[in-house]
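The values are calculated or read from the model by the stated rules, or taken from the named source; none is laboratory data. All values reported here derive from a predicted model rather than from experimental measurement. Positions of Cβ are generated from backbone atoms using ideal geometry, with glycine treated the same way; all protein chains shown enter the neighbour counts.
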Amino acid sequence: MAVAAEVLADAGTDAPPENVLAQALGANRQLVRLVEELRAENARLREEAAQRDVELEQVKAALRVLQRMVFGRFSERSRPEAAGQLTSW
């Protein structure tokens, strides 16, 4: 939109219609190139996001394994010996 407004402003009110048309067509080509670049960038960013999602799931799975190794399958509060210690007082 700004490019189109710029074309009209640059053309002036007394410019021949052919010049205004040529400038508008040039601006249109610029916008088409910009749209193509933005679409390519959008596709690239979506692919990066998808790769990060896969990596995040892998890290979460590894974290779950490590947590089970460190803390066991159950928390200390649910262990029978921990419960017995609390009630023996």
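Restrict the check to segment 80-89 and report whether at least one residue is in contact with a helix residue (DSSP H, G or I) (Cβ under 7 Å, 6 or more places away or on another chain) and modelled with pLDDT under 95.
Yes, that holds for at least one residue.
Hey, could you check segment 10-25 for residues that are exposed (fewer than 12 other Cβ atoms within 10 Å of the Cβ) and on the phi < 0 side of the Ramachandran plot and say which is modelled with the highest pLDDT? Before the answer, list the steps.
Here is the first cut: in segment 10-25, the residues exposed (fewer than 12 other Cβ atoms within 10 Å of the Cβ) are 12-14, 16-18, 25.
Remaining after also requiring on the phi < 0 side of the Ramachandran plot: 13-14, 16-18, 25.
Working: Thr13: 61, Asp14: 76, Pro16: 87, Pro17: 87, Glu18: 86, Leu25: 96.
It comes out as Leu25.
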